[in-house]
Protein chains: 2
Amino acid sequence: MACGEFSLIDRYFNRVSSSRRDVETGIGDDCALLVVPERQTLAISTDTLVSGIHFLPNMAPADIACKALAVNISDLAAMGADPAWLTLALTLPNVDESWLAAFSDSLFEQLSYYDMQLIGGDTTKGPLAMTLGIHGFVPHGRALKRSGARPGDWIYVTGTPGDSAAGLAILQKRLQVEDKVHADWLVSRHLRPKPRILHGQALRDLASSAIDLSDGLISDLGHILKASGCGARLELDNLPLSDALKASTSMEQAQEWALAGGEDYELCFTVPEVNRGALDVAIGHLGIPWTCVGQMTVASDGLMLMQQGKPVQLELHGYDHFATI
Amino acid sequence: MACGEFSLIDRYFNRVSSSRRDVETGIGDDCALLVVPERQTLAISTDTLVSGIHFLPNMAPADIACKALAVNISDLAAMGADPAWLTLALTLPNVDESWLAAFSDSLFEQLSYYDMQLIGGDTTKGPLAMTLGIHGFVPHGRALKRSGARPGDWIYVTGTPGDSAAGLAILQKRLQVEDKVHADWLVSRHLRPKPRILHGQALRDLASSAIDLSDGLISDLGHILKASGCGARLELDNLPLSDALKASTSMEQAQEWALAGGEDYELCFTVPEVNRGALDVAIGHLGIPWTCVGQMTVASDGLMLMQQGKPVQLELHGYDHFATI
C-alpha cells in the first residue's frame, strides 16, 4: 500500500508548518480538536474549486493552491476575521507526485505566511476539485456583516477591480497585451489574488458592512443592498481602474470587467460619514488604494449606475455557475 | 436569474430547521459566525463523497443525504463529541429540482434529528460530489483519541460489522439473498448507516481509544495500533456477525466483510480492565450490541488474527481509494 491513500496524505499534507497553540489535535485522528480563544467568535466559510470551472485545466498546481486559499481567506477578510485553521478535501484523478509536491509546497508556504494550520482533510479519487473549509476568529460583536449599511453611508472598494478578468482574458487568448509588464501583472492578479485580511481587521469598528468581490462589484454590492435593505448610487467615473487595465483595453471593457468580471477578491465596504476621517488613518498605511465609488440610498432606488451625473443602463451580469441553465 | 446559483441555494438550503443558540449568523453572509460554549473543545472533520466512488450513481438522493451526513457524524461519534454545525459544498452536473428537493428534505430531516444546523456552503457545477464539514463539541480534555490504548486493554466493536458490505454486494447484484427481510435489512445497513453518537459520548471517561469503522475493522484498528504504539490480538470467533449476514453468505465471506468490508460506521474502541464493569452500565441501555473482539498487546506483536486459539493469516485489505494505483 506504498501509494495508498493514507501514505499519500501523510507524505504531502501531514507536515506541521506552524503549530498553533489553539490546535489540541491536528491531522491524524477522526476529528481535529481545537480551542477557540476567550471572547472570540468563530467565523467559518467553505468554497469549492472545480477544474475547468474555477480554474483553467492547465493552471500550475502552485497557482491553484494559492488561489484556492486566497478565495477562502477572502471570506474571512470580508468579516474582519483573523485566519486560523484550514481543512482541505482534495479530489484527484490519479496520484501525480510532481503535482502533489508543487501543490502542497505552495499551500504550506501560504499557510505559513498567514500563520494558519492545516487541521484535517480528505483525499478522494475523482475529477480534480477541492473544497476548503476555513476557520478564523473575530472579537465578539465586532464582525463585519453585509446587513449593517444605511442610506447615506459611503461605498468603497480596495485595490483595482477588473484586473483579474483581464488576466483571465489574456490566459484564454481573448485579450492580447503588447506590454509584457502589464500583461504579467494582470495575469498575476488573476492567478494569485491577495485577500485583504488586514483591511478587514482595520475596518472592524469603522465599516457598517463589507463583502469580498468574488462575483463582480455589481453582484456583490447587490448582496449588501439586499441584506441591508438599501439602494445605492454607483459612480462609474470613480471606478479605480489600474494603469495596466486602462492601457490594455477599451474604457468600456475595463469598466465592464471592474463591474462584473469577478474573482478580484478585493473588499467592497460601506462607511458612515462620521467614520470617513478615521478610515484614512486606519487603512492608509496598508499600501493598497481605497476608493469611494458611491453612496447608499433608500431601497426603492435599487442599484443606480451613474455616469457624468446621469443614470445609465448597462447589460452586466455577475458570475453565476448556473445562470445559463 | 431565476435558476441562478443564489436562488437555487436559497430555495433548497436556506431553511432554518433548528436555530441553535450558538449560531450568531448562519447562511447568508461571507462567513457563519459561531460561539463555542465555555469549557468545550471544538471537534472538526471533513469528508468528501464522489458519485460512483462513495455511492452508486443511481442511489436515491434521500439516501445520499443520509449517508453523507452519517459518514461525517460518525467521525464526531468516534471522538465522543456532540454534533452542532454542518457546512455543505455541493457539486452538481445540472439543476435537477426533484433531486434537490429529495436531497435537501432528507438532509434537513436528519439535521433536525441530530439538533444540527446548516451554517454555510457552496454550490458549484461539475460531476456530482459533496464535501461536508462537520463541527461538534466535547468537554475539555474528555475527547476519545486513537492514541490512548495500552497493552491489556480490551477491544470492542458496536453493532454487527460486515452488514454494509453485504448490502452493497446485494445492490451490485454480486450477492443474491432469497429472504427479502434479510436482504432489505442488509441494504439499509449500507444505505442508511447510524452513527453511534450516544455510544461515543457514553464512552468519554471509559474508553482509552476509539475510531469509527469506515475502512474495515483491520484497517481502522490498525490506526489505533499505530497511534497508541501497541499490537493487538483479534479473535475471529468473537466477531459479532448479524443473523442476516450469516444467513446470506458463507462464514468465510461474512468474516471477510466484517474485517475488511468497510462503511459500517460502527465504533471500535478499547477499554482498560478496570472500566469493563462500568462499560456495561454506560452503554447497556442504548439498544445496540457491543462485543469484545480481542485485546491490545505490545507493539512488537503487530496485529494477530486468532481463530480457535491459533494465529491465522488472511489476505484482507481495508478500503483505499488509491490502493490499486
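Sorted from nearest, the other copies put their B:GLU273 label points 8.1 nm away, the label point being 7 Å from Cα in the direction of Cβ.
Here is how far apart the A:LYS310 label points are across copies: 9.8 nm, shortest first, using a point 7 Å from Cα toward Cβ.
What the Cβ-Cβ distance of A:LYS180 and A:ASN238 gives, at R0 = 41 Å and to the nearest 0.05, is a FRET efficiency of 0.90. Max-minus-min Cα coordinates of region A:60-127 on each principal axis give 38, 19, 18 Å, with the largest extent listed first. What residue among A:GLY309, A:GLY222, B:VAL274 has its Cα farthest toward the positive end of the dipole of the protein assembly as shown, where the charges are +1 on Lys, Arg and -1 on Asp, Glu, each on the Cβ? Most positive-ward Cα: B:VAL274.
If you take every DSSP beta bridge fully contained in region A:5-139, what fraction is antiparallel? Give it as a percent rounded to 5. Expressed as a percentage, antiparallel bridges in region A:5-139 total about 70. Projecting the Cα atoms of B:ALA183, B:GLY133, A:ALA149 onto the dipole axis of the protein assembly as shown, where Lys and Arg carry +1 and Asp and Glu carry -1 at the beta carbon, places A:ALA149 farthest toward the positive end.
The calculated Kirkwood hydrodynamic radius for chain A is 20.7 Å, given to one decimal from all distinct C-alpha pairs. The charge dipole of region B:166-205, taken about its Cα centre with unit charges on the Cβ of Lys, Arg, Asp and Glu (plus for the first two, minus for the last two), comes to roughly 160 debye. If R₀ is 30 angstrom, what is the calculated FRET efficiency for the pair A:GLU109 and A:CYS292, using the beta carbon separation as r and rounding to 0.05? The pair A:GLU109/A:CYS292 has a calculated efficiency of 0.30. Bridgeable lysines around B:LYS125 (alpha carbons under 22 Å apart, same-chain partners fewer than 8 residues away excluded): A:LYS67, A:LYS125, B:LYS67. Using only side-chain charges placed at the Cβ, +1 for Lys and Arg and -1 for Asp and Glu, the dipole size of region B:154-312 relative to its Cα centre rounds to 180 debye.
Dipole magnitude for region B:13-97: about 180 debye, using +1 per Lys or Arg Cβ and -1 per Asp or Glu Cβ, origin at the Cα centre.
Can you return the lysines within cross-link range of A:LYS145? Criterion is Cα-Cα under 18 Å, with same-chain partners fewer than 8 residues away left out. Of all the lysines, those that pass the test against A:LYS145 - Cα under 18 Å, at least 8 places apart if same chain - are A:LYS226.
Could you check what % of the DSSP bridge pairs in the protein assembly as shown are antiparallel, to the nearest 5?
Details: 92 of 120 bridges.
So the antiparallel bridges amount to about 75 percent of the total.
Ranking B:THR158, B:ALA169, B:ILE211 by Cα position along the charge dipole of region B:103-224, where only Lys, Arg, Asp and Glu carry charges on their C-beta atoms, puts B:ILE211 farthest toward the positive end.
Shown for region B:1-152 is the translational diffusion coefficient from the Stokes-Einstein equation, using the Kirkwood radius over Cα pairs, a temperature of 20 °C and a viscosity of 1.002 mPa s: 131 µm²/s. Residues of chain A were split at every exposed loop site, defined as GluC sites (Glu not before Pro) in a DSSP loop with at most 15 other C-beta atoms within 10 angstrom, and the longest piece left, sites excluded, is A:39-177. Between B:ILE134, B:ILE197, B:ILE170, the Gaussian network model of chain B with springs among Cα atoms under 10 angstrom shows the greatest mean-square fluctuation at B:ILE170.
Here the scattering of region B:154-312 is modelled by Debye summation over its C-alpha atoms, one equal scatterer each and no solvent; at q = 0.20 Å⁻¹ the log10 of I(q)/I(0) is -1.27. Taking trypsin sites (Lys or Arg not before Pro) as exposed when their DSSP state is a loop state and no more than 11 other Cβ atoms lie within 10 Å, the longest site-free interval of chain A runs over A:175-325. Only beta bridges with both residues in chain B are counted; by DSSP, about 75 percent of them are antiparallel. With the label put 7 angstrom out from Cα along the Cα-to-Cβ vector, B:ARG233 ends up 8.6 nm from the copy partners, going from closest to farthest.
Note down the Stokes-Einstein diffusion coefficient of the protein assembly as shown in µm²/s, whole number, using a Kirkwood radius over alpha carbon pairs, 25 °C, and 0.890 mPa s.
94
Among A:LEU34, A:LEU259, A:LEU132, which one shows the biggest mean-square fluctuation in a GNM of chain A, springs joining Cα atoms closer than 10 Å? Result for chain A, Cα springs under 10 Å: A:LEU34 fluctuates most. Under the simplified labelling scheme, the A:ASN58-A:GLU273 pair shows an inter-label distance of 5.5 nm, with each label point 7 Å from Cα along Cα→Cβ.
Any read-out appearing in this document is the output of simple, stated calculations on the displayed coordinates, not a laboratory observation. The structure displayed is predicted, hence computed values, not measured ones. When we count neighbours, we look across all protein chains shown, and the Cβ atoms used for this are built from the backbone with ideal geometry, even at glycine.
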